[in-house]
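Take a look at the structure below.
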Amino acid sequence: MTVPATSDPADTRTAEPDGWLGWLTTTDHKRIGLLTLATSVVLLFLMGILALIMRGQLAQPGEDLIDAHTYNQVFTIHGSGMIYLVMTPFAIGLGVYLVPLQVGAPALATPRTTLLGYWLYVLGALSMLCGFAIPSGAARSGWFSYPPLADSDYSPGAGPDLWVIGVAMSAIGILLMAWAVLWTVLRKRAIGMTMLRLPVFSWSMVVTCLMVLGAFPSLLAALVLLALGRGDPAIFDSNVWNIGYQHLFWFYGHPVVYVMFFPYLAAVAEVLAVFCGRRFFGYKATVLSLLVFAALSMSVWGHHMFTTGQASNDYYSLTSILLTVPAGAEYFGMLGTLVGGRIVFRTPMLFALAFIPQFLIGGLTGIMTGTPVIDYHVTDSYFIVAHFHYTLFAGSAFGLFAAVYYWFPKVTGVMLDERLGKIHFWLLVVGANLTFLPMFGLGYKGMPRRVNTYSSVDGFGLLNLLASCGAAVLAAGMIVFAVNILRSLLRRRRGGLAPMPDNPWNAHTLEWATSSPPPPENFTPDRPLPPITSNAPLLDLPMAQKEAEGANPGKTAQPGEPAGPAERSGL
Amino acid sequence: MNKHLAYGVVAFWGLLNGLSLSVLAIYGEASMVYWLWGGVVALLELVAFTVWLSSWRGSDQHANYRVTARTGAPALPAAIAVLLAGLSFAYGFWLLIVSLPLLAIALGMAAMPGLAGKDV
């Protein structure tokens, strides 16, 4: 069925069943996106509980809350869950929901394959978590499961097998979803939406999906190798396959860090522009830096293997340090947007502002560990744990929350409570820094990662206690977040809320041109696509209207080409 | 130029990867790495070619869209079939007896418009 870009929903609505069955079999990108986002948020809470168990165990020397066997399972599933099941799917889920809206398309390319991707992700998550329910326990060799530790000689039982199956299924699911998002941006854009008018978020999804396409097959190859090794552990008697596994794994494992970063960085970029009331500074430079950053990120995986002595350390060190150039360009864009902006300190903006320095700490310590001389000293210590938690929690997760607070009104039609949002923000800022900053000190003092306890004579007690207190503050913040979400949704269900404008933030991109929440076909005759004249078409709109009315003739708000009559005829 | 930008982006990104790979060759690395990364560069160029093939006759942007009128009902049974096939690796290949028919049913549902939903 062929429909115009702006269509009458009565003509085109798909024959989906009502109720929960409609949700489970939906081909609407917004529903698939919401299912993905909601599933990953639920899993975020589960993984947070595992983190609290770990911090409880490490709060004092010689603590005996859980035994070593359980601790190994808990840190493995926490790390695996956060990467494979929370941060990556949430990033792709945002793309599934937002990209068609941002490019002016009524649907996602290959929606049924996207739904299959979602179900593979869900069942993969279940498979991984089911390990806790079997007698031998869940996987326990870390989120990268190096052989020979992860082979069946050293990690017997079905738990690691369930982990392999779960990771493979979720990776295939993400691949399918990423392909759909990429194709939508490349081939489903509305009239007027040229590549250089894409919002920064959609550009970030292009590079993210390209990285998924390039890197995730390598993870699948690593998992096949591991599965074969679990069948016949003799495979890993040869060092070729032990090191080969590490190459295959980290060829995925480093780019995925950026898969879990670019969408959140771009969400922050969108929030900064909107809450500064201006265009994002250095749009084209940022787009180019995203492409270069992503390509360079494919070349640095060997820095995870410095200490094996079997990687080309000079090369990987060089490319790791080169990452500072495109990263610097993106930071310059964010700071340039802030300078001269009329800053409004709403909750999404607070999270976006905190993202900037906190991710910087994670990024700069990453450059430090990308240098072999420092990496040899701190590898497998708590310094590494601190570094990646600053990138993924104090950085990316703050971008995630900025995205949630920013797009929640678009998705649900109701605002989140601002007061609770600010309490959530401050608890997270205090909690994240109190938890992860002491870990740098612990790593510097020599505390190895993945130990379930330590002696009182090690001198790790105070810093560990501080980190555990920080985790408790984080937990309090997350409870406030849950209350805020549930309260807003309940209030919407009960009704009686004051009507919310469709674009409560005066945002700039196309998803805000339609109703909140959007109709099934995204844009309707009541809410047509506006002329797309730049990467911030809603910002151009008042000037375009004035121009159409004869005022300010010949001037537009944006240097981008205004849509001509021929272009508009299709809208 | 705009018409060529979409596949150009993919091709350019693939070439950037090729450039990094060629610099790595100067430093030297295990042969497996060249196959791995070279394969990815080839895959990306293939994707760029696919985008080009899809776009060379049509416009860069769309005025009309083909929206599926079918439900995604086959997706869940297909995913369960894949899970069972995976579990057969841990719990025995007898699970394929359940997995393969389920996959066949899912594929059948996907192929039959009457079961998968109706075309409007």
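The values are calculated or read from the model by the stated rules, or taken from the named source; none is laboratory data. These numbers were taken from a predicted model, which means no experiment stands behind them. Because the Cβ atoms are built from the backbone with ideal geometry, glycine has one as well, and the counts that use them run over all protein chains shown.
From the list B:A78, B:A85, the lone residue that is at pLDDT 95 or above, within 7 Å of another protein chain (Cβ to nearest Cβ) and either part of a helix (DSSP H, G or I) or surrounded by fewer than 20 Cβ atoms within 10 Å (Cβ to Cβ) (or both) is B:A78. Quick one: is A:I134 under 19 Å from the mean Cα position of the chain (by Cα) and of a type in the set (V, I, T)? No, not satisfied.
Select from the range B:26-36 the residues that are loosely packed, with under 13 Cβ neighbours inside 10 Å and in a helix (DSSP H, G or I) and write down the one among them that is nearest to the other protein chains (Cβ to nearest Cβ).
Here is the first cut: in the range B:26-36, the ones loosely packed, with under 13 Cβ neighbours inside 10 Å are B:26, B:28, B:31, B:35.
Checking which are in a helix (DSSP H, G or I) leaves us with B:26, B:31, B:35.
Values: B:I26: 8, B:S31: 10, B:W35: 10 Å.
Ranking the qualifying residues of the range B:26-36, first place goes to B:I26.
The residues in the range A:60-110 that are farther than 30 Å from A:T26 by Cα, of a type in the set (A, V, I, L, M, F, W, C) and not in a helix (DSSP H, G or I) can be counted, and the count is 2.
Look at A:Y376 and say whether it is farther than 14 Å from A:F436 by Cβ and among the aromatic types (F, W, Y).
For A:Y376, the condition - farther than 14 Å from A:F436 by Cβ and among the aromatic types (F, W, Y) - is met.
The selection criterion, being touching a residue at least 12 places away in the same chain (Cβ under 8 Å), within 10 Å of another protein chain (Cβ to nearest Cβ) and in a helix (DSSP H, G or I), does not hold for A:M177. Residue count for the range A:376-432, restricted to those that are of a type in the set (K, R) and either within 14 Å of the chain's Cα centre (by Cα) or under 29 Å from A:V96 (Cα atoms) (or both): 2.
Of the residues A:S569, A:S534, the single one that is at pLDDT 90 or above and either outside the structural domain of A:L98 (by TED's automatic domain parsing) or exposed (fewer than 15 other Cβ atoms within 10 Å of the Cβ) (or both) is A:S534.
Test B:V51 against the stated conditions and say whether it is assigned to a helix (DSSP H, G or I), without any contact (Cβ under 8 Å) to a residue 40 or more places away in the chain, at the interface with chain A (Cβ under 7 Å from one of its Cβ atoms) and among the β-branched types (V, I, T).
On the way: assigned to a helix (DSSP H, G or I): yes; without any contact (Cβ under 8 Å) to a residue 40 or more places away in the chain: no; at the interface with chain A (Cβ under 7 Å from one of its Cβ atoms): yes; among the β-branched types (V, I, T): yes.
Here the answer is no, as B:V51 does not meet what is asked.
Do we have any residue at all in the range A:335-353 that's surrounded by 22 or more Cβ atoms within 10 Å (Cβ to Cβ), in contact (Cβ under 8 Å) with a residue 60 or more places away in the chain and under 16 Å from A:L434 (Cα atoms)? The answer is no; no qualifying residue exists.
Taking the conditions exactly as written (more than 8 Å from every other protein chain (Cβ to nearest Cβ), crowded, with 24+ Cβ neighbours inside 10 Å, hydrophobic (A, V, I, L, M, F, W, C) and part of a helix (DSSP H, G or I)), does A:A139 satisfy them or not?
no
Answer yes or no as to whether A:T113 is in a helix (DSSP H, G or I) and either under 16 Å from A:V167 (Cβ atoms) or not β-branched (V, I, T) (or both). So A:T113 does not fit the description; no.
Of all residues being part of a helix (DSSP H, G or I) and among the polar types (S, T, N, Q) in the range A:376-415, which is surrounded by the fewest Cβ atoms within 10 Å (Cβ to Cβ)? Just the residue, please. Quick ask: steps written out before the conclusion?
Quick first cut of the range A:376-415, residues part of a helix (DSSP H, G or I) only: A:376-378, A:382-412.
Adding the requirement that they be among the polar types (S, T, N, Q) leaves A:391, A:396, A:412.
Numbers: A:T391: 23, A:S396: 29, A:T412: 17.
My answer is A:T412.
Taking A:D153 as the residue in question, decide whether it is crowded, with 23+ Cβ neighbours inside 10 Å, under 24 Å from A:L223 (Cα atoms), in contact (Cβ under 8 Å) with a residue 60 or more places away in the chain and in the same structural domain as A:G214 (by TED's automatic domain parsing). Even if it seems obvious, please write down each step before you answer.
Details: crowded, with 23+ Cβ neighbours inside 10 Å: no; under 24 Å from A:L223 (Cα atoms): yes; in contact (Cβ under 8 Å) with a residue 60 or more places away in the chain: yes; in the same structural domain as A:G214 (by TED's automatic domain parsing): yes.
When the stated conditions are applied, A:D153 does not pass them.
Please determine, by comparing only the residues of the range A:277-320 that are in a loop (DSSP other than H, G, I, E, B) and within 11 Å of another protein chain (Cβ to nearest Cβ), which one is nearest to the chain's Cα centre (by Cα). Steps first, please.
First, pick out the residues of the range A:277-320 that are in a loop (DSSP other than H, G, I, E, B): A:277-282, A:298-300, A:309-312.
So of that shortlist, the ones also within 11 Å of another protein chain (Cβ to nearest Cβ) come out as A:298-300, A:310-312.
Numbers: A:M298: 18, A:S299: 21, A:V300: 20, A:Q310: 31, A:A311: 29, A:S312: 30 Å.
Going through the qualifying residues, I end up with A:M298.
The residues of the range A:321-354 that are β-branched (V, I, T) and farther than 21 Å from A:F393 by Cβ, listed by number, are A:I321, A:T324, A:V325, A:T337, A:V339, A:I343, A:V344.
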